Number of protein chains: 2
Amino acid sequence: MDEFDFIRDLLAPLAGPQGLKLEDDAACFTPKNGFDLVITKDAMVEGVHFPNGHYGGHVAEKLLRVNLSDLAAKGARPLGYFLSLAIPKAMDALDLRGFVTGLRDVQQSYDFTLWGGDTVATPGLLTVSATFLGQVPKGHMLRRNGAKPGDDIWLTGYIGDAYLGLQNVLGKRLNPVPKPEHIWHWEEAYYRPEPRLLFRKALRAHATAGLDVSDGLLADAVHLSQVSQVGLNIMLGDIPFSKATQSWLYQQSHYNEALEALLSGGDDYEILFTAKTENRGSLLSAAKKQGLKLTCIGQVTAAAANVNCRDKNGQEVRFENSGYKHKL
Amino acid sequence: MDEFDFIRDLLAPLAGPQGLKLEDDAACFTPKNGFDLVITKDAMVEGVHFPNGHYGGHVAEKLLRVNLSDLAAKGARPLGYFLSLAIPKAMDALDLRGFVTGLRDVQQSYDFTLWGGDTVATPGLLTVSATFLGQVPKGHMLRRNGAKPGDDIWLTGYIGDAYLGLQNVLGKRLNPVPKPEHIWHWEEAYYRPEPRLLFRKALRAHATAGLDVSDGLLADAVHLSQVSQVGLNIMLGDIPFSKATQSWLYQQSHYNEALEALLSGGDDYEILFTAKTENRGSLLSAAKKQGLKLTCIGQVTAAAANVNCRDKNGQEVRFENSGYKHKL
């Protein structure tokens with residue numbers, strides 16, 4: 001298979017009308033009046049963002065879901081995306097078909113299409129990136145810079161499942177040996193994070209600032225506190241963990257280290273956001289309608305660019321390693 | 001330096017207002033009424049699109065210029081771009097600064113800004129991609145599918161300089177030994193292709209179909225003939241070569257092989273387009289005003305999806321290898 005066969009036979013069926021059958025090396029799109037475009041780009045590298053030699057649909061799913069999570073955190077609806085693939089020799093026709101199946105499944109789940117991209121061969125590692133276009137009603141993109149002292153701090157879903165999933169995927173032994181259904185739950189969280197797109201209207205209506213948790217809850221809390229120039233007081237006892245993760249955490253002899261691993265592991269793709277206290281009821285009822293777990297985990301303070309974690313007794317807990325940074 | 005320092009210190013100064021200081025992992029953009037967005041994405045891999053270990057401004061310049069060439073071929077004006085970098089360990093702080101200087105130089109030359117992207121570390125090869133947004137008056141994007149029998153076939157600039165530049169960059173010996181100023185000319189063409197953005201209005205007004213020549217003149221002629229479902233009759237004697245390339249070509253003992261190398265080498269980033277014969281004068285005078293070389297190299301015929309090359313005596317010349325394809 002060469003790049004032109006791959007594009008014509010496997011990718012072109014995924015294209016929306018804006019993609020012009022992928023025949024033109026460019027997409028053409030007439031934006032709708034009254035909307036802003038929200039555009040985001042995320043890349044993933046073999047051996048960094050997913051294990052070496054993993055070439056199938058899982059990687060495609062994760063790439064799209066991670067980008068969709070960025071859009072969800074902005075309150076945006078996805079429209080279409082552009083895909084760059086640098087494909088290693090070890091990836092065969094079956095892998096390519098699997099990859100495309102992953103793309104198709106996510107497109108169908110969240111209703112958007114492929115608009116273009118670029119496919120090249122690499123003597124190196126599988127390196128993929130996607131650029132997503134989404135839209136919000138004009139002026140209503142949720143940003144990181146609007147948190148105000150007194151706001152509540154909210155979190156969708158659960159933290160730490162993806163971290164434990166990654167340990168399994170990497171073949172690391174967890175102690176004690178987890179139940180098979182817990183492993184399955186964690187790996188699903190790692191491979192198929194659920195972008196919180198359904199929650200976008202509630203976010204646009206009520207959130208003052210927000211982002212998606214990709215580098216780790218603590219690291220992304222720091223990012224939000226820096227851009228908003230506020231402090232975040234996080235109550236560790238209120239951070240939501242799934243039953244599988246609770247059962248692992250409560251059996252660890254080094255509890256604080258285990259807790260830190262969950263809070264700085266990253267790959268959660270949940271939304272951390274702030275909102276005025278008067279909107280508690282509206283937020284909780286919007287989440288409940290969707291069956292979405294939503295938890296208030298603390299309060300915004302005036303202490304600029306500072307994240308402060310407290311245990312159930314109100315004691316401050318300090319963590320060494322707040323999250324993932326690519327060293328260049 | 002970690003990814004956050006790199007983004008804050010080196011990339012954020014290149015950002016336009018749509019990039020929100022690169023603080024939000026997303027851009028926000030209010031499209032202008034009456035325009036379509038044209039979006040294109042191109043990737044480059046170390047060892048495939050540029051030589052191993054080349055990490056400086058040249059690579060950045062080429063990445064942007066290659067994408068701008070795509071926009072130029074659509075008749076579009078560039079607005080902003082998103083950059084993905086997978087950065088290998090061997091790339092140091094000086095390389096990163098050089099890379100960013102290359103980005104800045106091209107931004108200043110062609111008047112557009114950085115809107116976002118993603119920076120990650122890779123244990124593999126430098127892999128870069130850019131997604132560009134441009135605009136055209138609504139309904140006026142130039143496509144590949146409008147060529148009609150009887151149209152002229154036009155080409156901007158010269159063919160083959162970049163191919164000879166690449167041979168030098170790769171350290172291959174050219175025979176006979178070229179003059180230093182010829183080497184310089186070819187390497188410039190390879191590293192800094194000139195996107196034909198100034199010609200976009202003439203293209204929108206007069207071209208019936210077009211694309212930029214990246215895979216090689218012959219290969220891209222085939223692409224245009226396939227999408228437009230027409231034949232292209234190309235007069236080999238009319239294909240424009242620079243003085244430097246002429247002096248090389250006319251000294252080759254295997255003339256046809258040398259000619260084939262120039263016509264299938266790729267990396268030219270000139271625009272191949274078709275237009276009705278009645279627009280010859282307007283096209284030539286628009287090009288002349290800009291000091292742009294513009295040459296009619298043949299005619300469109302009714303023979304579907306067929307490219308036919310003829311020498312000065314009207315004899316058909318067949319070539320084996322029509323251009324670069326990534327084998328997957």
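The values are calculated or read from the model by the stated rules, or taken from the named source; none is laboratory data. Bear in mind the structure is a predicted one, so any value in this text is a computation, not a measurement. Quick reminder, even Gly has a Cβ in these numbers, built from the backbone with ideal geometry, and neighbours come from all protein chains shown. Quick note on the areas: whole protein, heavy atoms, side chains included, nothing else; ligands and nucleic acids left out. Shrake-Rupley method; radii C 1.70, N 1.55, O 1.52, S 1.80 Å.
Things to note:
- Rel. contact order, % - alpha carbon contacts under 8 angstrom, at least six apart, chain A: 22
- Label distances, nm, A:GLY47 versus same residue in remaining copies, Cβ-directed 7 Å point: 0.9
- Ordering of A:166-174, A:150-158 by packing [mean C-beta count within 10 Å, highest first]: A:150-158, A:166-174
- Using θ = phi - 60° and Karplus 6.51 cos²θ - 1.76 cosθ + 1.60, couplings along segment B:137-148 (whole Hz; Gly, Pro as x): x, 3, x, 10, 5, 7, 10, 8, 9, x, 5, 10
- Cα Rg over Rh - segment A:157-221, Kirkwood: 1.08
- Cα shape, segment B:1-148, gyration tensor, a/c 1.5 rule: oblate
- 0 to 90° range, to nearest 10: angle between helix A:93-110 axis and chain A longest Cα axis: 60
- Cα gyration tensor shape for chain A, rounded if a/c is under 1.5, else prolate or oblate: oblate
- Shape of segment B:148-256, Cα gyration tensor, a/c cut at 1.5: prolate
- Value of Rg to Rh for segment A:197-280, rounded to two decimals, is 1.00; Kirkwood radius and Rg both from alpha-carbon coordinates.
- Charged side chains reduced to their Cβ positions (Lys and Arg at +1, Asp and Glu at -1) give chain B a dipole of some 1120 debye around its Cα centre.
- In order through segment A:297-312: 3J(HN,Hα) via Karplus (6.51 cos²θ - 1.76 cosθ + 1.60), integer Hz, x for Gly, Pro: 10, x, 9, 7, 10, 7, 5, 4, 6, 9, 10, 10, 9, 10, 8, 4
- The C-alpha radius of gyration of the protein assembly as shown, expressed as a fraction of 2.2 N^0.38 Å, stands at 1.03.
- Only lysines eight or more places from B:LYS325 in sequence, or on another chain, were considered; those with a Cα closer than 16 Å are A:LYS89.
- Annotation: for a label point projected 7 angstrom from Cα along Cα→Cβ of B:GLU320, residues of segment B:243-260 with backbone N closer than 19 Å are B:252-260.
- Note on segment A:272-311: Cα-only Rg and Dmax are 12.4, 35 Å.
- Cα-based radius of gyration for segment A:239-282, normalised by 2.2 N^0.38 Å, reads 1.51.
- Helical content alone sets the calculated 222 nm signal of chain B at -9500 deg cm²/dmol, taking -39,500 (n - 2.57) per DSSP H segment of four or more residues and averaging over every residue.
- Largest-first principal axis extents, alpha carbons of segment B:217-328, Å: 39, 35, 34
- Cross-link pairs A:LYS276/A:LYS327; A:LYS243/A:LYS312; A:LYS138/A:LYS288 - those with Cα-Cα distance over 30 Å: A:LYS276/A:LYS327
- Considering only A:GLY237, A:GLY216, A:GLY102, the mean-square fluctuation computed in a Gaussian network model of chain A, springs between alpha carbons under 10 angstrom, is largest for A:GLY237.
- Beta bridge orientation in the protein assembly as shown: antiparallel %, DSSP, nearest 5: 75
- For B:129-135, mean number of other protein chain Cβ atoms within 10 Å: 6
- Area hidden from solvent between B and A (accessible, protein heavy atoms only, 1.4 Å, total, Å²): 5500
- Share of pairwise Cα separations in segment B:65-196, more than 26 Å, in percent: 41
- Take each residue in B:136-148, count the other chain C-beta atoms within 10 Å of its C-beta, and the mean is 2.
- Fraction of antiparallel bridges per DSSP, chain A only, in percent to nearest 5: 70
- A Cβ-based charge dipole, computed about the Cα centre of the protein assembly as shown with Lys and Arg at +1 and Asp and Glu at -1, lands at about 1720 debye.
- Remark: segment A:170-266 carries a charge dipole of roughly 280 debye about the Cα centre, counting +1 on each Lys and Arg Cβ and -1 on each Asp and Glu Cβ.
- Comparing A:THR295, A:ASN306, A:THR245 along the charge dipole axis of segment A:240-328, the residue lying farthest to the positive side is A:THR295, per the Cβ-charge model.
- Annotation: amide H of A:GLY124 has no partner in the under-5 Å range at sequence separation 5 or more or interchain, hydrogens built in the peptide plane.
- Using the empirical formula 2.2 N^0.38 Å as the baseline, the Cα radius of gyration of segment B:82-131 reaches a ratio of 1.18.
- Note on A:68-74: average number of Cβ atoms from other chains within 10 Å of each residue's Cβ is 2.
- Ranking B:GLY98, B:ALA76, B:TYR110 by how far each Cα lies toward the positive end of the dipole of segment B:1-115 (charges on Cβ) leaves B:ALA76 at the top.
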